[in-house]
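See below for the structure under consideration.
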Amino acid sequence: MICSGHGAFIVLLALSCLIVPITYASKLPSEVLDFIHGDTTKNAGCNTNLGGKRWAVLVAGSKHYDNYRHQADVCHAYQILKKGGLKDENIIVFMYDDIAFNDNNPRPGVIINKPNGGDVYAGVPKDYTKEHVNAKNFYAVILGNKSALTGGSGKVVNSGPNDHIFIYYTDHGGAGVLAMPTGEYIYAKDLNNVLKKKHAAKSYKSMVFYLEACESGSIFEGLLPNNLNIYATTASNVSEDSYAAYCPEDSKAVEEYDTCLGDLYSISWLEDSDKHDLRQETLQKQYEVVQRRTVAGISDRSSHVMQYGNKKQSNECLYNYMGTNPANDNYTFVENPSSPSTLRVVNQRDANLLHFWHKYHKAPAGSHEKLKAQKELNDEISLRKHVDYSINHIGELLFGNGNSSKVLETVRPSGQPIVDDWNCFKMLVSTYEKYCGSLSKYGTQHMRAIANMCNAGVTMKQMIAASTQTCFKIPPTY
């Protein structure tokens, strides 16, 4: 949600409402002390004789410069895997590839993932770019189904029963969905069915899935069994937002970019992997490090990293999936206890608003750039107002003024997926978008409301009637 206010620019000028500092305590937690001194139960050395191949699928599910951070996260992940010894033939990358040479990029041809960071773009294979970054290709790659691909390099996870698979996705999401830059949403039920099909084919020994998105816990909650040899962690639980990091206002080194360079959950595991001998660090240990860094801060501006699937796999070493950089051999992690750090974070759904504001603020008065930036701001604010109003009004038409909020905002008990009838969910989402326009990345926060309409028995006929009555004019999208 954006910060409240009576005018569009009042919202934007109140940047302190968007950018929130997270301060990390100077006293070392017990987990860090365990890591320094050695916790033999969780950090035992790995068996380096895997007997199979490592595979990785890396997905940045967005486009446009204001989403710079997602492609930066994925490029950084590639560099870690490459240094860890994975071959390009076993690393499959999905990225729209519109950032490195974007006119807004102050360092053309270079992508960084932290202030003053090194280039993470160099050498990254462009397997699936532009319109080929879509849900159908993602599923086909996981399943090793070349015949189902449309475009791209043709690389798929052609894995065998002794192989280890690592999947990393970063982008926007909502309850039960993940976004893609083109085509349909990734629906949680469909993704979990793909994972079950991969398991049924006996084409891997174990799999790890790292997921960065708002409400990302909803992708696996009540859907991912614990008997598929799949271990997953998510940036947030079923109802929380996730957060962008290294944003403008954080440091002078970021200001020239006008956009956030990374995501908090993602940079936490990426920077942890950069430093350590991954033969000595377990998935559980990294989970704890990432969890501690991600949850730090005030309660309404932090998220809880979650674990799903076969949690026993968390005792395995990261080496099994990422390899390890020889430069980190026998590295021991030490954090300076006298130097607390502060990191400013921005709600993922507000990061583009911050980007547009910076473009507007920096453009010369009266210039074409100023007018263009102002239009982008106004269009984004209009879209947000339209989406918020239309979902709320549809809810009132369906359930009445008194009951609407209670129905739309219901969070189901732990262990249950967000919806029972996934076909209904898809149908109502597509119906809304047909008559009211795209929900947009911002509007994915209303996916839970639409799922709850299904849970309350709303039919497509009722949704069509409420949508057509509500939506007369659809604001532009970019």
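The values are calculated or read from the model by the stated rules, or taken from the named source; none is laboratory data. Just so you know, these numbers come straight off a predicted model, no measurement behind them. Positions of Cβ are backbone-derived with ideal geometry, glycine not excepted, and every protein chain shown enters the neighbour counts. Heads up: the accessible areas ignore ligands, DNA and RNA and are worked out on the full protein's heavy atoms, side chains in. Shrake-Rupley method; radii C 1.70, N 1.55, O 1.52, S 1.80 Å.
Here is how the numbers come out for the structure above:
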read-out	value
Backbone N under 13 Å from the Ala456 label point (7 Å along Cα→Cβ), restricted to the stretch 372-401	391-401
Inter-site label distance for Thr182 and Tyr389 at 7 Å from Cα along Cβ, in nm	3.3
Crossing angle, helix 460-470 versus the chain [Cα axis fit, 0-90 degrees, rounded to tens]	60
Dipole magnitude of the chain, debye to nearest 20 (Cβ charges: Lys/Arg +1, Asp/Glu -1, about Cα centre)	940
Net lengthening on full extension, Asn104/Val295 (0.36 nm per residue, minus Cα-Cα)	65.6 nm
Charge-dipole axis of the stretch 250-320 as Lys and Arg at +1 and Asp and Glu at -1 on Cβ define it, positive-most pick from Ala253, Leu318, Leu270	Leu318
Theoretical ellipticity at 222 nm over the chain - DSSP helices of four or more residues, -39500 (n - 2.57) apiece, nearest 500	-11000 deg cm²/dmol
Accessible area of the stretch 46-162 divided out per residue, in Å², using a probe of 1.4 angstrom	38
Virtual paramagnetic centre 7 Å along Cα→Cβ of Leu50, amide N under 15 Å, in the stretch 307-330	316-326
0 to 90° range, to nearest 10: angle between helix 68-83 axis and the chain longest Cα axis	10
Folded to 0 to 90 degrees: helix 264-275 orientation relative to the chain principal axis, Cα	20
Rounded if a/c under 1.5, otherwise prolate or oblate - the stretch 413-457, Cα gyration tensor axes	oblate
Amide N proximity, the stretch 87-113 versus Ala363 label position 7 Å along Cα-to-Cβ, cut-off under 17 Å	103-105
Positive-pole candidate from Gln307, Ser242, Leu195, dipole of the chain, charges at beta carbon	Leu195
Efficiency of FRET between Asn403 and Ser438 - r from beta-carbon atoms, R0 30 angstrom, step 0.05	0.65
Inter-label distance for His199 and Asn162, nm, one decimal - labels placed 7 Å from Cα along Cα-to-Cβ	2.3
Extreme residue, positive dipole direction of the stretch 318-463, given options Ser438, Cys454, His368 (C-beta unit charges)	His368
Ranked by how many other beta carbons lie within 10 Å on average, peptides 235-245, 67-77 from highest	67-77, 235-245
Beta bridge orientation in the stretch 117-236: antiparallel %, DSSP, nearest 5	25
Projected label distance in nm at Asn378 and Asn423, using a 7 Å step from Cα toward the beta-carbon	4.6
Amide H within-cut-off set for Ile167, under 5 Å, with H built and near neighbours excluded	Val57, Val208, Phe209, Tyr210
